[in-house]
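Have a look at the structure below before the remarks.
Please treat every number below as a calculation from the coordinates, not as lab data. Everything numeric here is computed off the predicted structure, so don't read it as measured data. All Cβ positions, glycine included, derive from the backbone under ideal geometry; neighbour counts span all protein chains shown.
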Amino acid sequence: MNFKSNLNHLGPVSSRSTVGDTVYRALRDALTVGRFDPSQVLTISAMSQAFQTSHMPVREALRRLTTEGALEVGSSGSARVPAVDRKRLDDIIEARVLLERKATILAATLVTEEAVNELARLARIHSEVANHRDAHDMLLKNRDFHFAIYRASGSLVLPSLIETLWLQYGPYMRMLSDQLTKKWRDGDHEPYAIGHMKIVEALRDHDADRAADEVEADIRRTQNQLQAALPRGF
């Protein structure tokens, strides 16, 4: 693991008035799409250098992310990305299924033709990125697609709850990105967007149960891939 390479996607913060929130959001986004390795230690000094800011906003961002369950408390004010294990994976997945099914069912009753067309566009972008073999960008576009559905639910609560679960799911996203990269290197050409298009068509038909089933199937496929990738005993 090259610790510094994991920080290359971070950049300096330009506005002093929003520095704390900017650092927090940048780290939150990075964790959500698996930019950091499981068990990786994030030190305040390294984070401050990456963001070109003082220690205080980084310390506060790490504290907030620890409170949300995205990080664990480390030594000397540092934080650590949680390790991966089967029990935690299954626990997060079951919570995701419950909330994301509910959000999808609500979205299916409210979604407009314009919103469905936008979802179809996001699904196509996700497929195009997969064809370019960029794992991190693919996972980012996957997030864009799913949260467009959950925001269409009309719920003021569900999207933020789901977002917190995705944040805690970050170490598994890292595993998934590594797994995708290996598959592509070995010549795998699986059409990853098929599941997304099935979701789009179910929403277009306002078929709430079918849409929820397809969302759950999408989540379960990833769960199965990760379970197979975890070493025995984890």
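Using the basic label-point model (7 angstrom from Cα toward the beta carbon), what is the Asp213 to Gln49 distance in nanometres?
Each label point is offset 7 Å from its Cα along the Cβ direction, giving 5.4 nm.
I need the calculated FRET efficiency for the pair Arg151 and Thr18, taking r as the beta carbon distance and R₀ as 22 Å, to the nearest 0.05.
Taking R0 as 22 Å, the efficiency between Arg151 and Thr18 is 0.45.
Once Kirkwood radius over Cα pairs in Å is worked out from the coordinates, which option in (i) 21.7; (ii) 20.1; (iii) 18.6 does it equal?
The value matching this structure is (iii).
What list of ³J(HN,Hα) values in whole Hz, one per residue of the range 59-64 in order, does the Karplus curve 6.51 cos²θ - 1.76 cosθ + 1.60 (θ = phi - 60°) give from phi, with Gly and Pro shown as x?
So the J values, rounded to whole Hz, are 4, 5, 5, 5, 5, 4.
Provide the FRET efficiency to the nearest 0.05 for the Leu230-Asp205 pair, computing r from the beta carbons and using R0 = 41 Å.
0.65
Between Leu110 and Ser75, how high is the FRET efficiency from 1/(1 + (r/R0)^6) when r is the Cβ-Cβ distance and R₀ = 45 Å? Nearest 0.05.
0.40
Work from the charge dipole of the chain (Cβ charges, +1 for Lys and Arg, -1 for Asp and Glu, about the Cα centre) and give the residue of Met197, Thr164, Phe145 farthest towards its positive end.
My answer, from the dipole projection, is Thr164.
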